[in-house]
Amino acid sequence: MSTTAHHDGALEHLEESLEHHGLETRGIEPVPDSERTGTPRGLLPTWITANITVLLVTVGASLAVSFGLNFWQSLVVGVVAPIVAFGLVGVIGIAGKRGGAPGMALSRAVFGQRGNLLPGAVIWVARWGWETINAVTGAYALLSVLDILFGIRRNTALVVVTLALFVIATFAISGMGIRALRYCNRWASRLFGAFSLLVLGRLIATTDWGRVFGQPAGSAAAMVTGAGLIAAGGVSWAPTAPDFTRYLPGTASSAAIVRNTVGGAGIVVLPLVLMGAVTASAAPGLAASADPVSFLGEILPRWLAIPYLLVALVGMLLINAMSMYSAGFTAQTLGFRIPRPWAVAVNAVISLVLGAVLMLAATSFMASFIAFLSLLAVAFSAWVGVFGADMLRRREYDATALLDTTRTSAYWYRAGFSPAAVAAWALGLAAGLLFTTCVWFTGPLATNNPVGRYGLGWVATIAVSGLLYAVLPKPAVVPVGSGKPAPLAV
């Protein structure tokens, strides 16, 4: 028996064992029609949970303190941002019900089998940062609970231990797969909703509303910048969207997919942003805090702060689990011939190392977070522009061609690349970075123009990559089942 055959046999045996224990073993291969029994309504708790993070409270505080927005302006920002960002996420999610496969696997039809490695690698690396930010926030929540309950102050050893516990729990849930995520998401969304109502009630009763409503209005430019900042975080979920819609039947309503995606996000984003804006009136230092979580223990009574922090901790754990779940698929599309849970483990180790560096070395968490969001959004948006434009002409995906990484694949194109898609992606990515500014990087076009001044580099990225892909000559879309490779573009 050859080494390859022995390796494949071992993988099959391992997958059968995992399936026997109730774990999802399906990788990037499309889901059979017989298993696609989900409903668009099931997406609601998924996208509620994807936004259960106290970072939104911190961003809301920044709207008031750093951007100078008043309550009503923050309300408008909290409404507009999730509609824009998760509207895009929902639209990309439609591809999941069309092809029944994860987003980065479907991406092979657009970029080519080899061409897809380029955006895939960038998105995989970008996920390291996203998962690191969430792991750090979760560790801070656990540290705050220990401080409130037992008076245990943070130190280097405790930081590492709490971070490790968070990452291990994240790996355990994401490794079990979609059923575990769905179950946890349903309960987390209910618990978070209940405790958020209690916190909002407490804030309504104790806030100096005269001071809140007396804050002067900020500029329209600041509103656009704030909305763009919040939307940037949401757009980063776009490549992940098909991963959670691939179990929907092809007949599922596209409008319902978008509606439940936007609705789930909006239910959480708006109240958390407003909570931060209101809290900033009493604790303006929140926007610049090195620890974005501990303030909850200061503004809430102990009986409410502890359970709310624990629920927020669960929410952030599930956000990271969802991201790592998708990262496993991305690793597989990059050629890692290992089961998805093992691919997830790679991201878990990386987020543990990077998280420790951030917690022990960063002086301003919020500055690091905003800088990261600016670059993250551009990295994801280049793919969104190309993939979204391709969805306008492609209504189905060839399951056989998606998994065939040889020259016989209908998605091989020119030497494994779709020149139009790769060129549009690369130029869009470069254009976005030109307009982007943060504490780590300043593009040459980041000033003296509205796009750069308002922090909308990611919007420029989507526009440039999408328009370029639309006008460049592309391989024709071959009907599924024809068995013919796509003809080369002229």
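Annotations for the structure displayed:
- Checking every residue in the stretch 188-195 against the condition of being more than 20 Å from Trp72 (Cα to Cα), in contact with a Pro (Cβ under 7 Å, 6 or more places away or on another chain) and modelled with pLDDT under 85 gives at least one match.
- Note on the stretch 448-482: among residues that are touching a strand residue (DSSP E or B) at 6+ places or on another chain (Cβ under 9 Å) and not in a helix (DSSP H, G or I), the one that is modelled with the lowest pLDDT is Gly455.
- Checking Leu118, Leu149, Leu158, Leu106 one by one, the residue that is of a type outside the set (D, E, K, R), closer than 30 Å to Asp398 by Cα and surrounded by fewer than 24 Cβ atoms within 10 Å (Cβ to Cβ) is Leu118 and no other.
- Restricting attention to the stretch 190-229, the residues being open to solvent by less than 20 Å² (accessible area, probe 1.4 Å) and under 16 Å from Ile52 (Cα atoms) number 3.
- Checked against (1) surrounded by 23 or more Cβ atoms within 10 Å (Cβ to Cβ); (2) modelled with pLDDT of 85 or more, Glu131 passes all but condition (2).
- Residues that are under 25 Å from Ser66 (Cβ atoms), of a type in the set (A, V, I, L, M) and surrounded by fewer than 17 Cβ atoms within 10 Å (Cβ to Cβ), drawn from the stretch 436-470: Val439
- The residues of the stretch 247-270 that are open to solvent by less than 40 Å² (accessible area, probe 1.4 Å) and out of contact with any Lys or Arg (no Cβ under 8 Å at 6 or more places or on another chain), listed by number, are Val258, Thr261, Val262, Gly263, Gly264, Ala265, Gly266, Val268, Val269.
- Of the set (1) hydroxyl-bearing (Ser, Thr, Tyr); (2) modelled with pLDDT under 90; (3) in contact with a Ser or Thr (Cβ under 9 Å, 6 or more places away or on another chain), all apply to Ser2 but (3).
- Checking each residue in the stretch 391-433 for being within 22 Å of Pro249 (Cβ to Cβ), assigned to a loop (DSSP other than H, G, I, E, B) and of a type in the set (Ser, Thr, Tyr) picks out only Tyr397.
- Residue within the stretch 165-173 that is out of contact with any strand residue (DSSP E or B) (no Cβ under 9 Å at 6 or more places or on another chain), of a type in the set (Ser, Thr, Tyr) and farther than 30 Å from Pro30 by Cα present: no
- Any pair with Cβ under 7 angstrom, 6 or more apart, that starts in the stretch 192-207 at a residue that is over 17 Å from Leu309 (Cβ atoms) and ends at one that is assigned to a helix (DSSP H, G or I) and hydrophobic (A, V, I, L, M, F, W, C): Thr207/Val278
- Any hit, the stretch 175-183, residues being over 16 Å from Gly315 (Cα atoms) and among the aromatic types (Phe, Trp, Tyr): no
- Verdict on Val59 being open to solvent by 30 Å² or more (accessible area, probe 1.4 Å) and either within 28 Å of Arg182 (Cβ to Cβ) or in a helix (DSSP H, G or I) (or both): no
- Entry remark, the stretch 166-189: residues being closer than 17 Å to Gly263 by Cβ and open to solvent by less than 80 Å² (accessible area, probe 1.4 Å) number 3 in total.
The values are calculated or read from the model by the stated rules, or taken from the named source; none is laboratory data. From a predicted model like this one, the values you see are computed outputs, not experimental measurements. Here Cβ is always computed from backbone atoms with ideal geometry, including for glycine, and neighbour counts include all displayed protein chains. SASA here: full protein model, heavy atoms, side chains in, ligands and nucleic acids out. Shrake-Rupley method; radii C 1.70, N 1.55, O 1.52, S 1.80 Å.
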